[in-house]
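Asker: Sharing a structure here in structure tokens format.
The values are calculated or read from the model by the stated rules, or taken from the named source; none is laboratory data. Quantities reported herein were computed from a predicted structural model and do not represent experimental measurements. Virtual Cβ from ideal backbone geometry, glycine too; neighbours counted across all protein chains shown. Areas reflect the complete protein model, heavy atoms only, side chains present, ligands, DNA and RNA absent. Shrake-Rupley method; radii C 1.70, N 1.55, O 1.52, S 1.80 Å.
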Amino acid sequence: MNTQHPLFLVSLVLPILLFQLQPTPTVGDPTPAAPTPTPTTNGTEFIRTSCGTTLYPDLCYHSLSRYASAVQQSPGQLAKVAIGVSLSKARRMAAYVSTLARQAEYGADRRAAAALHDCFTNFGDAVDEIRGSLKQMRQLGAAGLGVESFRFQMSNVQTWMSAALTDEDTCTDGFEDVADGSLKSDVCDRVTKVHKITSNALALVNSYVAKGTP
């Protein structure tokens, strides 16, 4: 019994010592700070919320979210980026229709050839109008721009973007007399997507104008 007594005491004392060596929180310990949102995160959420005011919010967010770091939380910058994306899509569509129109010149379907030619013309006009809108947006940064001047310049943007939408609609209207087929459905589907992106851009422009500040 005597030889086992020290070991018995050690087995009792050792867990108590180890427990006392563990760090214990104090009442005054600060709570770990939450991570600070990055500008990209803020911009992404701002774009998601802003796109909720458009007719096609999912497409809006998908097409603009990659520009979150540039947009941050600026409605003017968001409208400018949206117009730029719309311009890029309209240019690509114009080039695509131009290629189809050249090929159709050697085909037997004269109605399709005429519709493609008219569509190319309409998209050429739309590109000019959207480009003019983007140029006007870039001039808004001028120092001393008053509210009245801001509204006047933005009314030009709204007019041109609306005209671009009309031209894009006119393109698909020209295919009403064209026989159903892969060509007609392909062009009309592509035009519809560009039209939606342009519509979203105009909605964001309108939202920016409603805020009334350059």
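Asker: May I ask you to derive the FRET efficiency for L59 and Y106 from their Cβ-Cβ distance with R0 = 25 Å, giving the value to the nearest 0.05?
Answerer: On the way: r = 35 Å, r/R0 = 1.42.
Approximately 0.10, to the nearest 0.05.
Asker: Would you rank D189, D180 by solvent-accessible area, highest first, keeping every protein chain in place and using a 1.4 Å probe? Intermediate results must be reported in sequence, preceding the final value.
Answerer: Values: D189 105, D180 135 Å².
Largest accessible area first, the list is D180, D189.
Asker: Report, ordered by chain and residue number, the lysines lying within cross-link reach of K135, taken as a straight Cα distance under 19 Å and ignoring same-chain residues fewer than 8 apart.
Answerer: Excluding near neighbours in sequence, the set is K80, K89.
Asker: Next question. Could you please report the charge total around R91, scoring K, R as +1 and D, E as -1 over all other residues with beta-carbon less than 11 angstrom from its beta-carbon?
Answerer: On the way: positive: K89, R92, R131; negative: D128.
Spelling it out: positives minus negatives among the neighbours equals +2.
Asker: Assuming R0 = 22 Å, can you tell me the calculated FRET efficiency for the pair T99 and D128, based on Cβ-Cβ distance, to the nearest 0.05?
Answerer: Details: r = 20 Å, r/R0 = 0.89.
E between T99 and D128, to the nearest 0.05, is 0.65.
Asker: Over region 58-213, what percent of the accessible surface lies on carbon and sulfur atoms, probe 1.4 Å? Mind dumping the intermediate values first?
Answerer: On the way: 3860 of 7810 Å².
Summing carbon and sulfur atoms, their accessible area is 49 percent of the total for region 58-213.
Asker: Next question, about the same structure. Let me check I've understood the local charge: for A115, count other residues with C-beta under 10 angstrom from its C-beta, Lys and Arg +1, Asp and Glu -1. What total comes out? Walk me through the numbers on the way to the answer.
Answerer: Working: positive: R110, R111, K184; negative: D109, D118, D173, E176, D177.
That sum, taken over residues with Cβ under 10 Å, equals -2.
Asker: In Å², what does the accessible area per residue of region 171-214 work out to with a 1.4 Å probe? Don't jump to the answer; show the numbers that get you there.
Answerer: Values: 2090 Å² over 44 residues.
Heavy-atom SASA per residue in region 171-214 reads 47 Å².
Asker: Please compute one quarter of the surface area of the Cα convex hull for region 41-135 and express it in square nanometres.
Answerer: On the way: hull surface 27.8 nm².
Averaged projected hull area, Cα only: 6.9 nm².
Asker: For the charge dipole of region 123-189, defined by +1 on Lys and Arg C-beta atoms and -1 on Asp and Glu C-beta atoms about the Cα centroid, which residue among L165, V187, F152 has the Cα displaced farthest towards the positive pole?
Answerer: The Cα lying farthest towards the positive end belongs to F152.
Asker: For R91, tell me the accessible area in Å² from a 1.4 Å probe, rounded to the nearest 10.
Answerer: 120
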